[in-house]
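The values are calculated or read from the model by the stated rules, or taken from the named source; none is laboratory data. Bear in mind the structure is a predicted one, so any value in this text is a computation, not a measurement. FYI the Cβ positions are ideal-geometry reconstructions off the backbone, even for glycines, and counts take in every protein chain you see. Side chains included, ligands, DNA and RNA excluded: accessible areas come from the protein's heavy atoms. Shrake-Rupley method; radii C 1.70, N 1.55, O 1.52, S 1.80 Å.
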Amino acid sequence: MNALLSLLAVGVLIGLAALASGAGLGFVFAVVLPYLAILLFLGGFIAKIVGWAKSPVPFRIPTVSGQQKALDWIPQNKLESPVTGFQVFVRMALEVLFFRSLFRNTRAELREGPRLVYAADKFLWLFALLFHWSFLVIFIRHLRFFTEPVPFFVTALESLDGFFEVGIPFLFLTDLAILAALAFLLGRRFANPQVRYISLFADYFPLFLILGIVVTGVLMRHFAKVDIHAVKALGVSLLSLSPAVPAGLGALFFIHLFLVTTLIAYFPWSKLMHLGGVFMSPTRNLANNNRTVRHVNPWNPDVKPHSFDAWKEEFKDEIAQAGYKLERD
Ligand code: HEM
């Protein structure tokens, strides 16, 4: 049901954009909505990060899986239990670039007996990595629509991505990779009963939305050609804040752009914010230096020490009056 609803939502978005392109709403869909989406994105992204940055983190709670720094003769596992800022940086970089913790992902299955069996599950890691890297490369390649002259690294990335020179225009490896990855990520939610049970609208919607963006992009490149000069004129005008909508953009382009606009506006309010959240996660960005630094919980009440001698001094008259003899006199 959640999958159907999100598919329907993407269908409605596609329908709206198709209608708008025929109804002379080009300026709204190519200029007003993309600008609004970017404002929403920036506002939402910053608000989320500031909110997380302001949350108190009174304890050191890094998730570790190795020997922490202790006595000199006990070898510390610098990667799994980082103690310095640099070690945290290296662990974070490996997490962000290669999804190290997802590599350890396991699958639980109930076999005959009944017996609960855990097995390694590297496919999720592999396809998640393929998806994110392909998305990044596609995103960087798209800079050619917004820049004149096109930066050298965009052209270099484009030749590398089209290295096999299959078809005209060349087929990009990242297009194939992202389609395969999206198929896997969606298929996993359908095929695995446990994952299906916990999958919400918000899990399917971004997948279908991105699938819509990729499919319309591939269609534009290989099947229903668009006027790239017109697209570039729009892109450059948008980036230079002097928007102008050229003629000849076509319905497919408006659909592609509207789905992208939706993705941008939706981003900060969705689970996609893990892009920023991973850096703000105290289980990842804190050093495990509990044995080398004394951490005091700032929420602790300010308890003033009251020594025995100070107490004795305070009550010495009462003690004498009562005739008590204290042991430590
Ligand atoms: C999240 C952002 C976006 C994603 C993931 C995306 C994805 C894609 C993909 C996968 C393709 C297929 C060909 C290729 O890989 O280059 C494509 C093509 C295309 N995209 Fe996008 N796109 C995005 C944003 C945009 C924007 C903002 C524009 C408008 C300026 C745009 C305009 C186009 C055009 C004109 C093509 C056809 C390219 C060609 O014929 O070579 N895309 N897009």
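Among the residues making up the range 212-227, those that are touching a residue at least 40 places away in the same chain (Cβ under 8 Å) and more than 6 Å from the ligand (Cβ to nearest atom) are GLY212, THR216, HIS222.
One line per residue, one yes/no per condition, for (1) open to solvent by 40 Å² or more (accessible area, probe 1.4 Å); (2) farther than 30 Å from PRO243 by Cα; (3) of a type outside the set (Ser, Thr, Tyr); (4) over 21 Å from the mean Cα position of the chain (by Cα):
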site	(1), (2), (3), (4)
LEU39	yes, no, yes, no
TRP52	yes, yes, yes, no
ARG60	yes, yes, yes, yes
GLY66	no, yes, yes, yes
PRO75	yes, yes, yes, yes
GLU80	no, yes, yes, yes
THR84	yes, yes, no, yes
LEU94	yes, yes, yes, no
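Per this entry, GLY44 is counted among residues that are in a helix (DSSP H, G or I), within 30 Å of GLY235 (Cα to Cα) and open to solvent by less than 70 Å² (accessible area, probe 1.4 Å).
Just so you know, in the range 129-150 the residues that are in a loop (DSSP other than H, G, I, E, B) and open to solvent by 80 Å² or more (accessible area, probe 1.4 Å) include one that is farthest from ILE264 (Cα to Cα), and it is PRO149. Looking across the range 220-253, the residues that are under 22 Å from ILE38 (Cβ atoms) and of a type outside the set (A, V, I, L, M) come down to LYS232, GLY235, SER237, SER240, SER242, PRO243, PRO246, PHE253.
With respect to the conditions (1) over 24 Å from PHE208 (Cα atoms); (2) within 17 Å of the chain's Cα centre (by Cα); (3) of a type outside the set (Val, Ile, Thr); (4) within 15 Å of the ligand (Cβ to nearest atom), PHE164 lacks only one, and its number is (2). Checking SER307 against (1) more than 25 Å from VAL88 (Cβ to Cβ); (2) open to solvent by less than 50 Å² (accessible area, probe 1.4 Å); (3) not aromatic (Phe, Trp, Tyr), which test does it fail? Every listed condition holds for SER307 apart from (2). Take the conditions (1) within 30 Å of LEU79 (Cα to Cα); (2) at pLDDT 95 or above; TRP269 misses just one of them, which is (1).
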